[in-house]
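The values are calculated or read from the model by the stated rules, or taken from the named source; none is laboratory data. Note that the structure is predicted; figures quoted are calculated from it, not measured. Ideal geometry is used to build each Cβ from the backbone, glycine not excepted, and the neighbour counts take in all protein chains shown. Ligands, DNA and RNA are excluded from the accessible area calculation, which covers all protein heavy atoms including side chains. Shrake-Rupley method; radii C 1.70, N 1.55, O 1.52, S 1.80 Å.
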Amino acid sequence: MSIVIQREPSRLPSKTDAEFDRISNLPGHVIDQILSRLPIRDAVRSSVLSRKWRYKWAKIPCLVFDNHCLNFSSQDQSFIKNKLVNIIDHVLLLHNGPIHKFKLSHRDLLGVTDIDRWILCISRSSIKEVVLEIWKGQRYKPPSCLFNCQNLVHLELFNCLLEPPLMFKGFKNLKSLDLQHITITQDVFEKLVSSCPSLERLTLMNFTGVTHLVIDAPNLQFFDIGGIFEDVSFLNTVHLSYVSIGLYVNIDNEENDARDNSSKLLRFFVNLPHIRRLEIQSYFLKYLAMGYVPSRLPNLCVDLNHLSIRIDFDDLEENTAALGLLRSCPNLLELEMLARPEEQSSMERSTNFWEEDHWSSLFAHLRLVKVSGISGVKSEMDFIKFLLSNSPVLEQLTVKPASQEGEWELMKELLRFRRASIYAEVIYLDP
């Protein structure tokens, strides 16, 4: 008698199982990257995939608590606040790995004391990036333990009151500092910036408590500021290459000149030897026009290739400062001029400034120009003609008026100016 043994064919894994296994067997750092890119609620939900995934989310190094944390809306602010606090408490309680990034940015969260507890928790980890955006309520004052995070590389604060402890010695590894809608004293700001020797990027927007900005940062490369202040100066900033600066309040140059006749234009550029991109916004050109304005800077901005200026074309002092700056940029490639017309002004008006001969072929390398917000008045058209006449290699001039009023007359004027530069393409954008 023969015995036949039959074996069942081995079951091949289904396509779904194979795909799942491929994801599960990815290297740990790859899975961390996948989970870090998910909203925190979806990362936590991954624990139901299998036993292998149950606590993988608890090791992700980047924790982001923003508007994606909650997948519902409610008019009950107290309910939303309590729900969000419970989520963050739960995540931090179960997290068992290093935390490199902590971001808190939910539009319904006030500056509650629970945040102090969370910051204390992350300060015990090797935290490298902290973003606190408090969208509602009064300025939130971060606890002193935040200033003990010496591994910080990026710090971003919104709607906060900064009062570091007296023993604070700075952030030695901080490379990026972003402060918006903050309250900070003059001394604290200066000490904070100067005691971060690795600082490369500094953003300061809508601040109170600081009137005289002193920027002492030897490795700073990027500086973006907008607010109300009286003075700004740079110390030890030889690597600074990008500056965007806006003064949000009009100033009276006659009153300031009576008190101080020194040149703001000269002092602003003396410690910016390698600036490559400069944006002068709001009323800051008025600041640069204060005091003595040289015909050009003694040390030319030879690296500057992009310049943006907001200007009142009828203001003699602003025009003079703008011309002095333009003469100091021999290698300029791109220029943007944004008109800022003033209805009333005590400043001397100038309607013939740009008709004068301010040197021929002033812009030997200028290729792209954009003029925005103009209404077609004489001073604006004179400036455009001046540009076309002194830019031998200009490739493109883009003009965008402030409104449709007088649009046809403006277009005719531009067509007439077209003869001043036979190579430039003139582009007209609708307002």
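Multiply the residue separation of Leu166 and Lys400 by 0.36 nm, subtract the distance between their alpha-carbon atoms, and state the gained length in nm to one decimal. Can you show the working numbers first?
Values: separation 234, 0.36 × 234 = 84.24 nm, distance 5.19 nm.
Contour length minus Cα-Cα distance gives 79.1 nm.
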Over region 192-236, with neighbouring protein chains present, the accessible area per residue in Å² at probe 1.4 Å is 35 Å²
Hits in region 158-176: amide N under 12 Å from the 7 Å Cα→Cβ extension of Thr185, namely 162-166
Partner lysines whose C-alpha sits under 29 Å from that of Lys400, ignoring same-chain residues fewer than 8 away, are Lys286, Lys370, Lys378, Lys385, Lys412
With a 1.4 angstrom probe the carbon and sulfur portion of accessible area for region 179-235, in percent, totals 51 percent
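Where in region 138-236 are there GluC sites (Glu not before Pro) that are in a DSSP coil and have at most 15 other Cβ atoms within 10 angstrom of their Cβ?
Values: sites: Glu156, Glu190, Glu200, Glu230; in loops: Glu200, Glu230.
Hits after loop and neighbour filter: Glu230.
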Taking a probe of 1.4 Å and leaving out DNA, RNA and ligands, region 112-184 shows per residue an accessible area in Å² of 45 Å²
With label points set 7 Å from each Cα along the Cα-to-Cβ direction at Ile251 and Lys412, the distance between them in nm comes to 4.2 nm
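In what order, largest first, do Val377, Val371, Val64 sit by accessible area if the probe radius is 1.4 Å?
Details: Val377 60, Val371 0, Val64 35 Å².
Ranked from most to least accessible, the order is Val377, Val64, Val371.
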Rounded to one decimal in nm, the spacing of the 7 Å Cα→Cβ label points at Arg117 and Ile427 is 5.5 nm
In the structure shown, of Lys81/Lys141; Lys101/Lys136; Lys136/Lys175, the pairs separated by more than 30 angstrom at the C-alpha atoms are none
Label model pair Leu110, Asp231: point-to-point distance (7 angstrom along the Cα→beta-carbon line) in nm is 4.1 nm
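Label region 263-342 by shape, choosing from rounded, prolate and oblate, from the square roots a ≥ b ≥ c of the eigenvalues of the Cα gyration tensor; if a/c is under 1.5 it is rounded, and otherwise prolate applies when a/b is larger than b/c, oblate when it is not.
On the way: a/c = 1.83, a/b = 1.25, b/c = 1.46.
Taking the square roots of the gyration eigenvalues as a ≥ b ≥ c, region 263-342 is oblate.
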Where a ≥ b ≥ c are root eigenvalues of the Cα gyration tensor, a/c under 1.5 meaning rounded, otherwise prolate if a/b exceeds b/c and oblate otherwise, region 81-160 counts as oblate
